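Here the structure is laid out as structure tokens; the discussion comes afterwards.
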Amino acid sequence: MDAGLAAAELELPGRPAGHEYRAEEGRVYIVHVHVAVKPESVEEFRTATLMNARGSVEELGVARFDVLEQLDDPTRFLLVEVYRTPEDADRHRETRHYQAWRDTVAEMMAEARTSVKYANLFPRDAGWG
């Protein structure tokens, strides 16, 4: 790839190259939640997590909520949560369906779940739904 083209593609309108993300700029807020489940709890975890996901996509501040299962290890899951703002992520954790999920799956975890927060670069925020 041409270096000039690569740099131009990273420049977003109104943002100089190398500009750091700031939540207050109104970019979608993305959280990847990594989960390891006890082998004997996989089916129950799937059921509880899909119920939480179905409730989550009904929230106004949720643009997307994906549940992924690792192909080579069915005890590993990734939740891809896309919120319109960081405050929407906070509101999500206050919902009944999230709290029910959190309490239901707590004993199913093989290890503590971890999360990584991301800022959206592409597609533009409107592409998230």
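Nothing in this text is a laboratory measurement; each read-out follows from the coordinates by a stated rule. Just so it is clear, the structure is predicted and the values come from calculations on it, not from any experiment. Here the Cβ is made from the backbone with ideal geometry for all residues, glycine too, and neighbour counts use every protein chain on show.
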Tabulated pairs, region 36-47, first touching a residue at least 24 places away in the same chain (Cβ under 8 Å), second assigned to a strand (DSSP E or B), C-beta under 7 angstrom, 6+ apart or interchain: ALA36/ARG76; ALA36/MET109; VAL37/PHE77; VAL37/MET109; PHE45/VAL37
Selected residue (criterion: surrounded by the fewest Cβ atoms within 10 Å (Cβ to Cβ)) from residues of region 73-110 that are closer than 16 Å to LEU60 by Cα and aliphatic (A, V, I, L, M): ALA89
Among the candidates GLU107, GLU94, residue that is under 16 Å from GLY55 (Cα atoms), acidic (Asp, Glu) and more than 14 Å from the chain's Cα centre (by Cα): GLU94
Per-region count, region 111-127, residues over 15 Å from the mean Cα position of the chain (by Cα), surrounded by 10 or more Cβ atoms within 10 Å (Cβ to Cβ) and under 22 Å from THR75 (Cα atoms): 1
Close pairs (7 angstrom Cβ cut-off, 6 or more residues apart or separate chains): under 19 Å from ARG91 (Cα atoms) in region 56-75, among the basic types (Lys, Arg) anywhere: GLY61/ARG84; GLY61/ARG91; ALA63/ARG84
Index of the failed condition, ILE30 passing every other in (1) in a strand (DSSP E or B); (2) more than 15 Å from the chain's Cα centre (by Cα); (3) over 12 Å from LEU78 (Cα atoms): (2)
Residue check for ALA48: small (Gly, Ala, Ser) and under 21 Å from ARG124 (Cα atoms): no
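Collect the residues in region 110-119 that are closer than 28 Å to ARG84 by Cβ and touching a residue at least 40 places away in the same chain (Cβ under 8 Å), keeping them in residue-number order.
Scanning region 110-119 gives ARG113, THR114, SER115, VAL116, LYS117, TYR118, ALA119.
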